[in-house]
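Single-structure report; data block below.
Every number here is computed from the coordinates shown, using simple stated rules; none is lab data. Everything numeric here is computed off the predicted structure, so don't read it as measured data. All Cβ positions, even for glycine, are placed from backbone atoms using ideal geometry, and neighbour counts span all protein chains on display.
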Amino acid sequence: MIDPKIRDRFPMLTSNQMMQGHPLIYLDNASTTFKPDCVIEAENFYNSLQTSNSHRGDYDLSYLVDQHVAESRALVASFINADTREVIFTSGATAALNTVAFGYGLSTLKPGDEILLTLAEHASNLLPWFKVAKMTGAVIRYIPLTKEGRVTVEAAKQAIGPKTKIVSIAQVTNVLGYEAPVKEIAALVHAQGGVICVDGAQSVPHIKVDVKDLDCDFLAFSGHKLCAPTGTGILYGKYHILEKMEPFALGGGMNVKFYPSGEMELLPPPTRFEAGTINVGGIYGLAKAIEFIQGVGMDNIAEHDRMLKARAVEGLKNCDKITMYNATSEAGIVDFNVNGVFAQDAGTWLNSKGIACRSGSHCAKILHEHIHTIATVRASFYFYNTVEEIDTFVDTLVKGGDFLDAYF
Ligand SMILES: Cc1ncc(COP(=O)(O)O)c(C=O)c1O
């Protein structure tokens with residue numbers, strides 16, 4: 001159970017903002033989430049009272065910052081059951097996935113090797129691989145999805161073979177919200193000597209993720225989808241892989257020494273993968289966000305997502321104006337179209353009622369052919385959304401009103 005008072009912790013909610021004359025109902029949490037007071041305060045604390053660079057200064061202030069960053073890293077590690085030196089701070093899931101593709105993929109893939117993806121992936125888990133495939137001569141293949149858009153163990157078993165060097169898939173997809181059997185797929189790819197990279201952008205904020213239990217080789221996720229500041233994210237990698245992996249970005253803070261000849265000695269992981277000044281204030285906020293959602297409870301969050309999803313599906317399933325694409329998926333995401341109405345128009349109309357949903361292709365531009373549409377509207381929930389908000393969203397769609405009625 002989520003305590004309804006949790007909403008009091010979010011200035012975006014307590015400010016009672018009106019949008020188009022209606023109270024704001026924010027249902028775009030798969031895109032980014034609101035920040036609680038403690039996250040805002042932590043980032044402000046760094047900016048107001050502890051500003052200095054990390055890993056740079058031989059003075060007390062810089063030491064305090066280094067300590068805080070180290071503690072934050074340890075907290076992230078315990079959150080996903082990793083070791084501290086396996087946690088790399090990045091600017092988001094996109095940067096984390098690019099680090100895997102250009103760090104691990106570029107140096108290990110040979111012509112004819114296979115990179116296995118799915119049609120349901122976000123651009124950030126496709127485009128880096130497309131480019132690395134071109135650069136190495138590796139081949140992109142897809143684990144076939146079921147008609148509804150789900151990845152099954154059976155399909156993965158058929159697709160994974162001796163040429164499969166990397167499987168890179170979302171644990172929970174960002175449009176339809178299906179949860180992939182990542183643990184089983186990890187076992188299949190390991191049996192063939194390959195690795196698995198898990199895009200956790202939509203899973204880590206919503207369900208308990210344990211990298212040791214999944215036995216994944218990499219896990220990428222963003223901070224801003226779990227109540228942390230934008231510009232924060234994590235790449236987890238098994239240490240024995242990171243140790244041999246090339247950094248994608250080079251610069252200050254990640255090397256021991258370099259020479260006029262161009263030779264360089266690199267620091268060990270994770271610092272090797274954190275070139276340049278890291279987002280220190282964001283990391284202060286990220287640590288607070290993780291503490292905060294752990295306080296709410298990952299099981300409570302998952303249960304609340306399920307409850308809101310079930311309510312929305314129940315409310316919309318018999319409405320002949322609506323086509324829903326993912327009624328049976330696990331995540332708190334409802335992906336739909338208003339029949340005969342272009343998705344962006346439906347999104348704009350919901351906005352006119354104060355309801356913020358996302359419409360379009362949601363950065364998953366090769367999925368839509370599979371579900372026979374060019375764009376959809378996506379409502380995505382988090383633990384601070386209420387039953388009343390879902391009911392208003394459903395009523396707004398079901399009862400239609402002048403705009404939607406014009407089409408029937
Ligand atoms: C499944 C998935 N992967 C990757 C990303 C990229 O995340 P970011 O923009 O925070 O880097 C997103 C963002 O929506 C996502 O949903």
(request) For region 40-294, give the magnitude of the charge dipole about the Cα centre (Cβ charges: +1 Lys/Arg, -1 Asp/Glu; no others), in debye to the nearest 20. (result) 760 debye
(message) Please list, by residue number, every one of the trypsin sites (Lys or Arg not before Pro) in region 310-349 that is coil in DSSP and has at most 13 other beta-carbon atoms within 10 Å.
(response) 317
(message) Along the charge dipole of the chain, pointing to its positive end and built from +1/-1 on Cβ of Lys, Arg, Asp and Glu, which listed residue (100, 202, 4) has its Cα farthest out?
(response) 100
(message) Rounding to the nearest 10 and keeping the result within 0 to 90°, find how far the Cα-based axis of helix 182-191 lies from the longest principal axis of the chain.
(response) 40 degrees
(message) Between 0 and 90 degrees, rounded to the nearest ten: what's the tilt of helix 343-352 against the longest Cα principal axis of the chain?
(response) 70 degrees
(message) So if each residue of separation counts as 0.36 nm, and I subtract the Cα-Cα distance between residue 191 and residue 255, what length gain in nm does that give?
(response) 19.6 nm
(request) Starting from the Cα of residue 303, move 7 Å in the Cα-to-Cβ direction to define the label point; list residues of region 309-327 whose amide nitrogen is under 18 Å from there. (result) 309-311
(message) Given R₀ = 56 Å, what would the calculated FRET efficiency be for residue 230 paired with residue 314, taking r from the Cβ atoms and rounding to 0.05?
(response) 0.95
(request) Collect residues whose amide H, placed 1.01 Å from N in the peptide plane, falls under 5 Å from the amide H of residue 19; neighbours closer than 5 in sequence don't count. (result) 24
(request) Note down the net charge around residue 192, summing +1 for each Lys or Arg and -1 for each Asp or Glu among other residues with Cβ under 9 Å from its Cβ. (result) +2
(request) Grab the other residues whose beta carbon is less than 13 angstrom from that of residue 381, score K and R as +1, D and E as -1, and report the net. (result) -2
(request) Select from 320, 299, 113 the residue whose mean-square fluctuation is largest in a Gaussian network model of the chain (Cα-Cα springs shorter than 10 Å). (result) 320
(message) Run the helix sum for the chain: -39,500 (n - 2.57) per DSSP H stretch of 4+ residues, divided by residue count, reported at 222 nm to the nearest 500 deg cm²/dmol.
(response) -10500 deg cm²/dmol
(message) Let me check I've understood the local charge: for residue 336, count other residues with C-beta under 13 angstrom from its C-beta, Lys and Arg +1, Asp and Glu -1. What total comes out?
(response) +3
(request) Quick one: which residues, 5+ away or cross-chain, put their amide H under 5 Å from the amide H of residue 114? H built at 1.01 Å from N. (result) 139, 164, 165, 166
(request) Rounded to whole Hz and in sequence order, give me ³J(HN,Hα) for region 56-66 from the Karplus expression 6.51 cos²θ - 1.76 cosθ + 1.60, θ = phi - 60°, writing x for Gly and Pro. (result) 10, x, 9, 10, 4, 4, 5, 5, 4, 5, 4
(request) Along Cα→Cβ, 7 Å out, is where each label goes; now give me the distance between the ones at residue 147 and residue 263 in nm to one decimal. (result) 6.4 nm
(request) Work out, step by step, the length gained on full extension between residue 78 and residue 386: first 0.36 nm times the residue separation, then minus their alpha carbon distance; give nm to one decimal. (result) 107.9 nm
(message) Loop by DSSP (not H, G, I, E, B), at most 10 other beta-carbon atoms within 10 Å: where is the longest site-free stretch of the chain for GluC sites (Glu not before Pro)?
(response) 1-262
(message) Can you compute the label reach from residue 154? Point 7 Å from Cα along the Cβ direction, backbone N cut-off under 20 Å, restricted to region 187-214.
(response) 187-189
(message) Rounded to the nearest angstrom and ordered from largest down, what semi-axes does the equivalent ellipsoid of the chain get from its C-alpha gyration tensor (root of 5λ)?
(response) 36, 28, 17
(message) Need one number: % antiparallel among DSSP beta bridges in the chain, to the nearest 5.
(response) 60 percent
(request) Using only Cα atoms, find the angle between the long axis of helix 387-399 and the longest principal axis of the chain, and express it within 0 to 90 degrees, rounded to the nearest 10. (result) 50 degrees
(request) Go ahead and set up a Gaussian network model of the chain, Cα springs under 10 Å, then flag whichever of 239, 284, 59 fluctuates most. (result) 59
(message) For region 325-401, which chymotrypsin sites (Phe, Trp or Tyr not before Pro) pass both filters: DSSP loop (anything but H, G, I, E, B) and at most 15 other C-beta atoms within 10 Å?
(response) 342
